[in-house]
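Accompanying notes for the structure given below.
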Amino acid sequence: MLAAVCHGKKDLRIDTLADRALVAGEVRVAVAYGGICGSDLHYYHRGAVGDFAVREPLVLGHEISGTVIEAGPQVRGLAPGMKAALDPSRPCLACRYCRAGRGNLCVDMWFLGSAGRMPHSQGGFAQHLILRQDQVIPVPHDADLQLIAMAEPLSVALHAVNQAGALNGRRVIVTGSGPIGLLTARAARNAGAIEVICTDVEDAPLAVAIGSMGATGTLNVRSDPEGLARFAGDEAAFDVAFEASGSPDALASLFRVLRRGGRIVQVGMLPPGTAPVPVNLLQSRELDFIGAFRANGEFRLAVELLSRGAVDVAPLLSATYPLARAVEALELAGDRSRVIKLQLALSASAA
Ligand code: ZN
């Protein structure tokens, strides 16, 4: 079977990999679609994500959906032909964090397409993939697997919203209108936020934010760099901020537009190293500053919402490329003036 394998910076190859036999509790799936995420782009363009460098060939990809083709011994409830959402997280289920219901913080996590451990955790941009049975969540026969492949980014947004606390009647700002920022805006509105302002440096994603994702206002911080200042001061301030751009400047700016006692949720990944923030504002206004990393039970909620059509992610899907054109897709995926989310069609049935 074929897979998109990162061998280092700007070195992505379509390699032939061997299938192996299943052991107890494992399921083999044909991967239908795989969304290209910021981390895939970092591996491709820089050969690393944060401090994690590619040290051996790494199959990229973790936003995937597919069809069951083989159920191993002791697998229950899954049979060949079933369509499924595929959870890229495989936590150990045994460590103190897993036992506390916070498997996203697992100390022994296998997350698809990650160089965070050695050997690397191979990813889902492959025609076939072996997963633990709890990573395979069946969806209805008529489910659209392109939409189901958005379950992982939607789960990240849902987790960020859960980290924010109650949003009923709240005024919210989301910095960064990539897929995670846009889905966070949608999830915040669905959770009862009465105002959601989305920011970005490109106009195209802001048009999607206000047209399809529930934003009540937008701000292009490149063409209107003083725009955020209009929200400074308690009268105009936000209750909750989601930082989804990964920009240290965006993060620092949020401390000035939150009301006293407000909360900032950091869901974007900043560049490696440290970032300056105005700690005296955090101290004197009793702001909360909290992280949001991947997701837990939110993945199954995301699958449920997508299966029921309760969240429409179709406006985020910009184009689909066959696996053979993965390099072209990765080159295009970073052009935020033209692209929100690109997907690869991976198995033959999906191509
Ligand atoms: Zn664990």
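The values are calculated or read from the model by the stated rules, or taken from the named source; none is laboratory data. Given the structure is predicted, the values throughout are model-derived calculations rather than measurements. Every residue, glycine among them, receives a Cβ derived from its backbone with ideal geometry; neighbour counts consider all protein chains shown. Remember, those area values only see protein heavy atoms, side chains included, never the ligands or the DNA or RNA. Shrake-Rupley method; radii C 1.70, N 1.55, O 1.52, S 1.80 Å.
Side notes on the structure shown:
- Against the conditions (1) more than 18 Å from ARG170 (Cα to Cα); (2) touching a residue at least 24 places away in the same chain (Cβ under 8 Å), THR274 satisfies every one except (2).
Conditions tested, residue by residue: (1) touching a helix residue (DSSP H, G or I) at 6+ places or on another chain (Cβ under 9 Å); (2) more than 16 Å from the ligand (Cβ to nearest atom).
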| position | (1), (2) |
| --- | --- |
| LEU86 | yes, yes |
| SER89 | yes, no |
| GLY101 | no, no |
| TRP110 | no, no |
| ALA115 | yes, yes |
| GLN127 | yes, yes |
| ARG132 | no, no |
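- Residue in the stretch 139-149 that is crowded, with 16+ Cβ neighbours inside 10 Å and among the acidic types (Asp, Glu) present: yes
- Qualifying residue in the stretch 322-330 (condition: open to solvent by 50 Å² or more (accessible area, probe 1.4 Å), assigned to a helix (DSSP H, G or I) and under 20 Å from LEU154 (Cα atoms)): no
Yes or no, residue by residue, for (1) assigned to a strand (DSSP E or B); (2) of a type in the set (S, T, N, Q); (3) open to solvent by 40 Å² or more (accessible area, probe 1.4 Å):
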{"position": "SER253", "(1), (2), (3)": "no, yes, no"}
{"position": "ARG260", "(1), (2), (3)": "yes, no, yes"}
{"position": "ARG263", "(1), (2), (3)": "yes, no, yes"}
{"position": "PRO271", "(1), (2), (3)": "no, no, yes"}
{"position": "PRO276", "(1), (2), (3)": "no, no, yes"}
{"position": "GLN283", "(1), (2), (3)": "no, yes, yes"}
{"position": "GLU286", "(1), (2), (3)": "no, no, yes"}
{"position": "ARG294", "(1), (2), (3)": "no, no, yes"}
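- Flag for SER65 being more than 16 Å from LEU323 (Cβ to Cβ) and of a type in the set (Ser, Thr, Tyr): no
- Hits in the stretch 160-184 (condition: over 21 Å from ALA333 (Cα atoms) and part of a helix (DSSP H, G or I)): ALA160, VAL161, ASN162, GLN163, ALA164
- Extreme residue, most open to solvent (accessible area, probe 1.4 Å), among residues of the stretch 66-79 that are more than 29 Å from LYS341 (Cα to Cα) and touching a strand residue (DSSP E or B) at 6+ places or on another chain (Cβ under 7 Å): GLU70
- The single condition from (1) away from the ligand (no atom under 14 Å from the Cβ); (2) of a type in the set (D, E, K, R); (3) closer than 21 Å to TYR43 by Cα; (4) open to solvent by 20 Å² or more (accessible area, probe 1.4 Å) that GLU63 fails is (4).
- Contact map, the stretch 90-103: first residue among the small types (Gly, Ala, Ser) and open to solvent by less than 70 Å² (accessible area, probe 1.4 Å), second residue near the ligand (Cβ under 8 Å from one of its atoms) and part of a helix (DSSP H, G or I), Cβ cut-off under 7 Å, separation 6 or more or different chains; pairs are GLY103/TYR97.
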